[in-house]
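I have placed the structure first, in the form of structure tokens, so that the comments after it can refer back to it.
Here, each number is a calculation from the coordinates, and none is a lab measurement. What you see is a predicted model; the values in this text were computed from it and never measured. Cβ sites come from the backbone with ideal geometry, for glycine too, and all protein chains shown count toward neighbours.
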Amino acid sequence: MVPKARRAMLNGYERGIVVRGGERYFVIRKRRNATTRGALLSLTVTQIRRSDVYERHYSRRLVELASGTKAWAYIPKAYL
């Protein structure tokens, strides 16, 4: 099942690119006065656990979106 997605804005973060193994990946990192656009996915607990395994180079952090909604975001461990 493909998760539903909604547009979302995240204040205090900027989008960047990391190259790993010749592949490019979009990431977010903290930056004051920055805002980045993204997608808010509605995931089940099982899907979140699977994402945690897949995103092993990232740490899941609770963030507050511009709308006030709380959401999980994966931040590269190198940026923590």
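Principal axis extents for the chain, Cα atoms only, whole Å, descending order, please.
Principal-axis extents of the Cα atoms in the chain, largest first: 35, 33, 19 Å.
If you take every DSSP beta bridge fully contained in the chain, what fraction is antiparallel? Give it as a percent rounded to 5.
Of the beta bridges lying entirely in the chain, close to 100 percent run antiparallel.
Under the Karplus relation 6.51 cos²θ - 1.76 cosθ + 1.60, θ = phi - 60°, what is the ordered set of whole-Hz ³J(HN,Hα) values for region 60-68, x standing for Gly and Pro?
So the Karplus estimates, Gly and Pro as x, are 7, 10, 7, 10, 10, 6, 4, 6, x Hz.
Applying the Karplus parametrisation 6.51 cos²θ - 1.76 cosθ + 1.60 with θ = phi - 60° to the phi angles of region 18-27, what ³J(HN,Hα) value in whole Hz is obtained for each residue in order, glycine and proline being reported as x?
Along region 18-27, the couplings run 10, 9, 9, x, x, 9, 9, 10, 7, 9 Hz.
I need the peptides 71-79, 44-52 ranked by packing, meaning the mean over residues of other C-beta atoms within 10 angstrom, with the highest value on top.
Numbers: 71-79: 14.8, 44-52: 11.4.
Most protected by this proxy first, the peptides run 71-79, 44-52.
Multiplying the sequence separation of THR35 and ASN11 by 0.36 nm and subtracting their Cα-Cα distance, what value in nm do you get?
Details: separation 24, 0.36 × 24 = 8.64 nm, distance 0.43 nm.
Full extension of this stretch gives 8.2 nm more.
Can you give the helix-only mean residue ellipticity at 222 nm for the chain, where every DSSP H stretch with n ≥ 4 adds -39500 (n - 2.57) and the sum goes over all residues, rounded to the nearest 500 deg cm²/dmol?
Mean residue ellipticity at 222 nm (helix-derived): -3500 deg cm²/dmol.
In debye to the nearest 20, how big a dipole does the chain give about its Cα centre with +1 on each Lys and Arg Cβ and -1 on each Asp and Glu Cβ? Kindly include the intermediate steps, with their values, before the conclusion.
Values: 18 positive and 5 negative charges, 17 e Å.
It works out to roughly 80 debye.
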